[in-house]
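The values are calculated or read from the model by the stated rules, or taken from the named source; none is laboratory data. Predicted model, so just to flag it, every value in this text is computed and none were measured. Here Cβ is always computed from backbone atoms with ideal geometry, including for glycine, and neighbour counts include all displayed protein chains.
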Amino acid sequence: MTVSYHDAFGRRFHVTNISPKIRPNRFDIMQFNRGNKNDTFNAQTTSEGRVGVLVYNAGNPMSKDFLFASVSEAVEPRFVTL
């Protein structure tokens, strides 16, 4: 996941001095780690369910956004019997 910042008109800021933070509401469904760059995060799912993620700037609590995701099996059928 890559975090980017935009103005009120949707134009992207190419230079920012911000360190984004992430906080999911369910730690048992999705876990996040910092990526290779300052604005990237790696997400790993651990179980099925719905998760909400708060993405925010620690220096400015008013600068925040939410991401909602449903986590489920991607390959069907789940179990194969022969």
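Worth a mention:
- Picking from residues in the stretch 21-45 that are of a type in the set (K, R) and surrounded by 14 or more Cβ atoms within 10 Å (Cβ to Cβ), the one that is nearest to M62 (Cα to Cα) is K21.
- Check on R11, loosely packed, with under 12 Cβ neighbours inside 10 Å and of a type outside the set (A, V, I, L, M, F, W, C): yes
- Strands (runs of 3 or more DSSP E) wholly inside the stretch 1-61 containing at least 1 residues that are more than 25 Å from A74 (Cα to Cα) and at pLDDT 85 or above: 20-24, 49-57
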